[in-house]
Amino acid sequence: MKLTIERIGHLGDGVAQGPDGSVFVPGVLPGEEVEVDGSVVRIVTPSVDRKKPPCVHARTCGGCLMQHASDAFVEGWKTGIVRGALAGQGLEAAFRPTVTSPPQSRRRATLAARKTKGGALVGFHARGSDVIIPVPNCQLLHPDLVATFPALEALVRIGGSRSTEVDLTVTRSLAGPDVAVQGGKEIDAQMRLELARLAESHGIARLTWGGEVIALRTAPMQRFGAALVSPPPGAFLQATAEGEAALLAGVREAVGGAKRIVDLFAGCGTFSLPLSEQAEVLAVEGEAAMTAALEKGWRNAQGLKRVTVETRDLFRRPMEPDELKGVDAVVIDPPRAGAEAQVACLAASKVPVIAAVSCNPVTFARDARVLVAAGWKIDWVQVVDQFRWSSHVELVARLSRQ
Ligand SMILES: C[S@@+](CC[C@H](N)C(=O)[O-])C[C@H]1O[C@@H](n2cnc3c(N)ncnc32)[C@H](O)[C@@H]1O
């Protein structure tokens, strides 16, 4: 079947009109003429934005979707996704230039693994499949994560199985890799010993198995400004150091000279701790282990203004307008679901400025509409592409009360 690709959908597939309606085609670009025969796609007329994928695994690995597109195309596509989400709510905004993280910069990833007859298979799933593709030359992951593959394979040989898959979450820390395993065999005394030995011989800073810490050689520290924090196993961390720096720069600029800041969905202090160089911060987060890590990091740091932490479910118990009295700026960085209840309270508050960080343009736009309807203005939006070559979109925005 011959098709002309009209556009790229928000999940990265090309969309074309076939004889029976819309057809979704992977690995293509708008304007391209293609021939599709089952799962085989032949590019007849390539786009000027087409380029050779930088990774040798790109054809088989499902980890990246957009390696065949120029950076300029991906930037425009992701900005278009945010613009489209805003337009869907009747909103528009000024966009700042996108900041894209470089190749080989992902510092946290979840890999799939399985024990095999001869050893272990560690990698990413092939697209839309449970086949695991080993990725020794991965261009997405930081080289320090790629260097953990032999250790991960050894872990799977000890505690994986041939019938079920294991999830391996690996995070780069200042002390070495922080590895959390889910779905492995139930642990017994012998296995515990072998895993601890393996963590030692491969320099794993912390090894967590099914939520239980098996080995803690050195606390897996992350630096947030002047503070060092040891996040609990599996805690949220921005995907790349460069993405985090760009988001923080946007947040700093948005809050300006604020002296009293509330950081909502604060995690382990990515924004709270650097902002406490200039302001007193109240950091509110739902996970007690994360607020504890944040507070410990603040106590051990020098020269920061006061940071107070509160563990609180902001979906059920958002911060009320009364509690936000006297606050100069709010930072809000909710999970993908957005922050409907909290935003309703912010709309009714007297807070003058919001720095909004979001990993979901749809819920960002939904929440922004509530604020705009209450008299707020979106001053600017910036896409921060820390999920390079994927369809994920991250952004930071400034909103101010008119
Ligand atoms: C996108 S992360 C941002 C974390 C932090 N701002 C950062 O940049 O590292 C969202 C955070 O919201 C927290 N969270 C999720 N649901 C929550 C809720 N209902 N109430 C409070 N915090 C919640 C998560 O634990 C996570 O730390």
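The values are calculated or read from the model by the stated rules, or taken from the named source; none is laboratory data. Keep in mind that what you see is a predicted model, and the values were worked out from it rather than measured. Glycine also receives a Cβ, built like all others from the backbone with ideal geometry; neighbour counts cover every protein chain displayed. We work out accessible area using only protein heavy atoms, side chains counted, and drop any ligands, DNA or RNA first. Shrake-Rupley method; radii C 1.70, N 1.55, O 1.52, S 1.80 Å.
Alpha-carbon geometry of the stretch 108-222: the Rg and the Dmax are 13.2, 38 Å, given in that order. Charge tally around L275: other residues with Cβ under 14 Å, Lys/Arg +1 each, Asp/Glu -1 each, net -2.
Sequence-ordered 3J(HN,Hα) estimates for the stretch 159-168 from the Karplus curve with 6.51, -1.76 and 1.60 and θ = phi - 60° stand at x, x, 9, 7, 8, 10, 8, 10, 9, 10 Hz, glycine and proline given as x. For K185, a cut-off of 29 angstrom between C-alpha atoms picks up these lysines, skipping any fewer than 8 places away in its own chain: K115, K117. Computed per residue of the chain from DSSP H runs no shorter than four, each worth -39500 (n - 2.57), the mean residue ellipticity at 222 nm is -7500 deg cm²/dmol.
Quick one: compute the contact order of the stretch 2-50, relative version, from alpha carbon pairs under 8 angstrom and 6+ residues apart, as a percent. Answer for the stretch 2-50 is 32 percent.
Spin-label point model (7 Å from Cα, Cβ direction): what's the V41 to R401 distance in nm? For the pair V41/R401, the computed spacing is 4.9 nm. The rule of thumb for compact globular proteins, 2.2 N^0.38 Å, goes into the C-alpha radius of gyration of the stretch 251-326 1.04 times. From the alpha carbon centroid of the stretch 44-72 to that of the stretch 108-125 is 24 Å.
Please identify the longest segment of the chain free of exposed GluC sites (Glu not before Pro), where exposed means a DSSP state other than H, G, I, E or B and no more than 11 other Cβ atoms within 10 Å. The longest uninterrupted stretch comes out as 187-402. Sorted largest first, the principal axis extents computed over the alpha-carbon atoms of the stretch 2-50 equal 29, 22, 16 Å.
Just the protein heavy atoms count here, and of the accessible area of the chain at 1.4 Å, carbon and sulfur take up 52 percent.
A cut-off under 13 angstrom between Cβ atoms defines the neighbours of D178, and their net charge, with Lys, Arg +1 and Asp, Glu -1, is +4.
Here's the list of lysines a cross-link from K2 could span, going by alpha-carbon distance under 29 Å and ignoring same-chain residues fewer than 8 apart: K51, K52, K78. Computed from backbone phi with θ = phi - 60° and the Karplus coefficients 6.51, -1.76 and 1.60, the 3J(HN,Hα) list for the stretch 5-22 is 6, 8, 7, 9, x, 6, 9, x, 7, x, 10, 9, 8, x, x, 10, x, 5 Hz; x is used for glycine and proline.
Over all alpha-carbon pairs in the chain, figure out the percentage whose distance exceeds 37 Å. Pairs farther apart than 37 Å: 30 percent. Can you give the local net charge around G88? Use residues other than it whose beta-carbon is closer than 15 angstrom to its beta-carbon, Lys and Arg +1, Asp and Glu -1. Computed value for this residue: +1. Using a simple spin-label model with pseudo-atoms 7 Å out from Cα toward Cβ, E323 and R162 lie 5.4 nm apart.
Taking 21 Å as the straight-line reach from the Cα of K296, the lysines in range (excluding those fewer than 8 positions away in the same chain) are K305. Model label points for T4 and V56, set 7 angstrom from Cα along the Cα-to-Cβ axis, are 3.9 nm apart. When you restrict to C-alpha pairs under 8 Å that are six or more residues apart and normalise by the size of the chain, the relative contact order lands at 14 percent. List the pair-distance distribution P(r) of the stretch 196-306, using every Cα-Cα distance, as the percent of pairs falling in each 10 Å bin from 0 up to the bin containing the longest distance, rounded to whole percents. Per 10 Å bin, starting at 0, the Cα pair percentages come out as 14, 42, 30, 11, 3, 0.
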